[in-house]
There are 2 protein chains.
Amino acid sequence: MDEFRLIEAIRRVVRGPGDPRVQIGIGDDAAVLAVRSGQIVATTDALVEGVHFRWDLCRPTDVGWKAAAVNLSDIAAMGARPLALLAAIEVPATLPDRDVVAAMRGLARAGAAHGASVVGGNVSAGPVFAMTVTALGEPVDGRVLRRAGARPGDVVLAGGFLGSGALGLDLLGTHPDWLRRFPTLARSYRRPAPQVDLGLRLATLGEVHALIDVSDGLVADLGHVLAASGVGALLDTARIPIHPEALRYARMSGQDALAAALSGGDDYRLLAVAGPSSVPLCESLGMTAIGAITARRGLAVLSGGKRVAVAGAGGWRHR
Amino acid sequence: MDEFRLIEAIRRVVRGPGDPRVQIGIGDDAAVLAVRSGQIVATTDALVEGVHFRWDLCRPTDVGWKAAAVNLSDIAAMGARPLALLAAIEVPATLPDRDVVAAMRGLARAGAAHGASVVGGNVSAGPVFAMTVTALGEPVDGRVLRRAGARPGDVVLAGGFLGSGALGLDLLGTHPDWLRRFPTLARSYRRPAPQVDLGLRLATLGEVHALIDVSDGLVADLGHVLAASGVGALLDTARIPIHPEALRYARMSGQDALAAALSGGDDYRLLAVAGPSSVPLCESLGMTAIGAITARRGLAVLSGGKRVAVAGAGGWRHR
C-alpha cells in the first residue's frame, strides 16, 4: 500500500458516526470544533515501540486503544468531558499497513467509547512505530480538578484496583502461558479503561479538592498532588485495593503485589483527595479510601501499623 | 541531567510572559485554555530526525522553530489565530540535554512570535529525536477558510516566494560552503515563517474562497484545493514568484528553480483562491496572482504559452 492508500484506509477506520461538535474533521489543514463551554482542556502523550510497548506483548488494536486511553485518562483527571483526538504516527517501512490501520482502529474505538472523535492526524516515516496522541476535552460547568488543592484532614481515594497494570506487563513478558488464567491483569495492561465518567462525577462534587490519574505509580502520582498542594499524606497499605487476580498472580510468580500497587505504573485509575464528608459518595462511585492528607510534608506509608520504606518512590518511569 | 531536571529545564525555556487565555499551563494533567470564540482549530504534525531533518543541516533551535512553524502554518491556512502549542518529544539517550532544551527554546520562540504559548507536552525515550507538535487556534469572527470553495473564474494567489525551501535544503546538503551567499534560502528551509497575519487578513475578506499552505509543493497542494473544490486550474509559470537568491543558486548549482517552485516542499507560503475583485487587495498584502481556476478538472501548467508536463506531480513527500 502506498502512503495515500494508507491514509485513505486510516480515514475509513477512524470515521465515526458524526459528532455535531466536529465542524471540520479530517481532510483540511486543521480540524474545527465547537466549544460551547468557553474552555478547552488539552493534553498530549506518546506510545513508542520498544519504550512503552512491545509488539510481542500487544496486538496492534491494543496499542492504538492504549495510546488513546492514556490521554483520555489525563482528560478524566481534570474532571473534563472528552471532545476529540488527534494522532500523529511514525511508521517504520517494515511494519505491515494492516497493523497501522488496526492500531488506528483501536485508537478510534477507545475514543468513541469515551465520546471523543478522531479529528486529525499525521503519518510520517520513522525508525520505530510511535503514536503521539493529543486529547481535547471540555470542562463541565466551568470547573476543573487540579493537582493542587489537597488540605490536611482530607481523605485520599483510589478509583479502582492498583498494581494490575505492572503485574499485567510482568505476566505478558514472563508467563505468557498463564494468560488465560489472568485475563483481567492482561487487559489492565493492554487496554486500560480511562475513568472518564468517574472524573465527570467528581467534578460536580464540591468537596473534591484534587485529582490526578495514576500513570507512574501511586507513590509518584500522589507525590505530585502533595507537592502541588504543599501537604503530606499517610497511606495505609491494608486499605489499598488490589485485584484478586493480582494477589493470586503475585503468589504464583513470586512478585510483590503491594509493591506493584505502590510503585508500578500503567494503572490509569483516578486518585482523588476529598473532604471527609464526601467520602461516602466517593465510595458509592466505586472509590476506596486509602489514606489521609497531613499538614506534615512527605509521604508516610503504614503497613501493619509500622512505617515502611517505599521502594522506587520515584515511581515507575519509562524514560 | 536526569529526566526531572530535563523537564524542569524545558519548563524554564518554554515559559512565556503569561497569556490570559492560558488558565492552566504546564504542570497539571492537562492544560486549560479560555476559548472566547466558541470554536477551536486543531492540527498536529511531526518532525522526525532522519526523515524531516538532519542534525548536520540544522541547529537544535531551528528544529524546534520549524516543528512549531509547520503547525502554525496549518492554523494560518485556516485563517485562524494561534492560541497554544503542545509538544511531545522523543529523545535518544545519545542526544545532549542542552540540544533538547535548545530545540524546545526554538519551539517556544516560534510560538511566541505568532501568539501561541507552549501549554503542555511529554518527554519520552526514543531511537531518534522527534518532535510532534499540536497547534490550537481560534477562528476570528466565526469564519475559517477551507480547501473546498474554489470556483471557475477565481484567481490563484501565492503568499510569497516558492521553491526556496527545497533549494535551501539542497544548498545545506550539497553546497554548505555557499551558505553565506544564500542566507535567505538557508533560512527558508531552517526557520520558515508561517504566514499567520496574512491568513487572518484573508479570513476577513469575503471573496477569498479557499486557502491552504504549501508544504508538499505547489502542484500537490493546489491539487488538494482542486480536488476538494471539484474544479481545475491553469498555472502560468512566468508569474510564479521565485526569490532572486533561488534563481541565482539554481544557475550556480544546476538546479531547476521552477521545478523547485512547482514540486519542491517546505515553503509554508499560503496559497489562496479568490474572486477577481479581491485580487488588488490580496496583492497589496504581498500575494501574487499565478493562475486561474477552470471548470475543466485537472491542473494545466503553461510555460512560454505552452502546456508543460509537471515533474513530480505528487509533490515532494517525506513518507
What residues qualify as long-range amide H neighbours of A:Leu83, i.e. H under 5 Å apart, gap of 5 or more or another chain, H built at 1.01 Å from N?
A:Leu136, A:Gly137, A:Glu138
Hits among aspartates and glutamates - C-alpha to C-alpha of A:Lys66 under 13 Å, sequence gap 8 or more where chains match
A:Asp45, A:Glu49, A:Asp74, A:Asp266, A:Asp267
Per GNM of chain B with C-alpha springs under 10 angstrom, the most fluctuating residue out of B:Tyr268, B:Tyr249, B:Tyr189 is B:Tyr249
Let me have the relative contact order for segment A:155-308, percent, based on Cα pairs under 8 Å that are six or more residues apart.
44
Under a 10 Å cutoff between Cα atoms, tell me which one of A:Thr94, A:Thr134, A:Thr61 has the largest fluctuation in the Gaussian network model of chain A.
A:Thr94
Out of A:Val308, A:Val273, A:Val118, a Gaussian network model of chain A with alpha-carbon springs under 10 Å gives the largest mean-square fluctuation to A:Val308
Give me the net charge for the shell around B:Val155: Cβ to Cβ below 14 angstrom, other residues only, Lys and Arg +1, Asp and Glu -1.
-2
Calculated label separations, B:Pro20, copies of the chain, 7 Å along the beta-carbon direction, nm:
3.2
May I ask you to evaluate 6.51 cos²θ - 1.76 cosθ + 1.60, the Karplus curve with θ = phi - 60°, for each residue of segment A:217-234 and list the ³J(HN,Hα) values in order in whole Hz, giving x for glycine and proline?
x, 3, 5, 5, 6, 4, x, 5, 5, 5, 5, 5, 9, x, 9, x, 8, 10
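I need the shape label for segment B:198-319. Rule: rounded when a/c is under 1.5, else prolate if a/b > b/c, else oblate, with a, b, c from the alpha carbon gyration tensor.
Prolate, because a/c is 1.5 or more and a/b exceeds b/c.
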Would you calculate the separation in nanometres between label points at A:Glu207 and A:Arg143, each defined as 7 Å from the Cα along the Cα-to-beta-carbon direction?
1.3
Enumerate the amide H contacts of B:Gln39 below 5 Å, restricted to partners 5 or more residues apart or on another chain; note that Pro and chain-start residues carry no placed amide H.
A:Val35
Can you show me the helix-derived [θ] at 222 nm for chain A, built from DSSP H runs with n ≥ 4 at -39,500 (n - 2.57) apiece and divided by the number of residues, rounded to the nearest 500.
-10000 deg cm²/dmol
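Can you give the FRET efficiency for A:Arg239 and A:Arg297, using 1/(1 + (r/R0)^6), R0 = 30 Å, r = Cβ-Cβ distance, to the nearest 0.05?
On the way: r = 22 Å, r/R0 = 0.72.
Given R0 = 30 Å and the Cβ-Cβ separation, E is 0.90.
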Subtract the Cα-Cα distance of A:Glu3 and A:Ala227 from 0.36 nm times their separation in residues, and report this length gain in nm to one decimal.
76.0 nm
When each copy gets a label point 7 Å from Cα toward the beta-carbon at B:Met252, what are the spacings between them in nm, shortest first?
7.1
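State, as an integer percentage, the relative contact order of segment B:3-139 based on alpha-carbon contacts under 8 Å between residues 6 or more apart.
Working: 277 pairs, mean separation 52.7, N = 137.
About 38 percent, as a whole number.
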From the backbone phi of segment B:11-27, what are the Karplus-calculated ³J(HN,Hα) couplings (6.51 cos²θ - 1.76 cosθ + 1.60, θ = phi - 60°) in whole Hz, Gly and Pro given as x?
4, 5, 7, 8, 5, x, x, x, 10, x, 6, 8, 7, 9, x, 4, x
Amide H of B:Asp29: which non-local residues (sequence gap of 5 or more, or other chain) have their own amide H closer than 5 Å, using H built in the peptide plane?
A:Arg147
Phi to ³J(HN,Hα) by Karplus 6.51 cos²θ - 1.76 cosθ + 1.60 over segment A:113-122, Hz, x for Gly, Pro:
5, 10, x, 10, 8, 7, 10, x, x, 7
Taking Cα pairs closer than 8 Å and at least 6 residues apart, the relative contact order of chain A in percent is 22
Work out Dmax and Rg for the protein assembly as shown from the C-alpha atoms and quote the Rg first, both in angstrom.
25.8, 91
Find every distance from the label point of A:Pro183 to the corresponding label point in the other copies (7 Å from Cα along Cα→Cβ) and write them in nm, one decimal, shortest first.
6.8
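Readers should treat all values here as calculations from the given coordinates under stated rules, not as data from a laboratory. From a predicted model like this one, the values you see are computed outputs, not experimental measurements. Quick reminder, even Gly has a Cβ in these numbers, built from the backbone with ideal geometry, and neighbours come from all protein chains shown.
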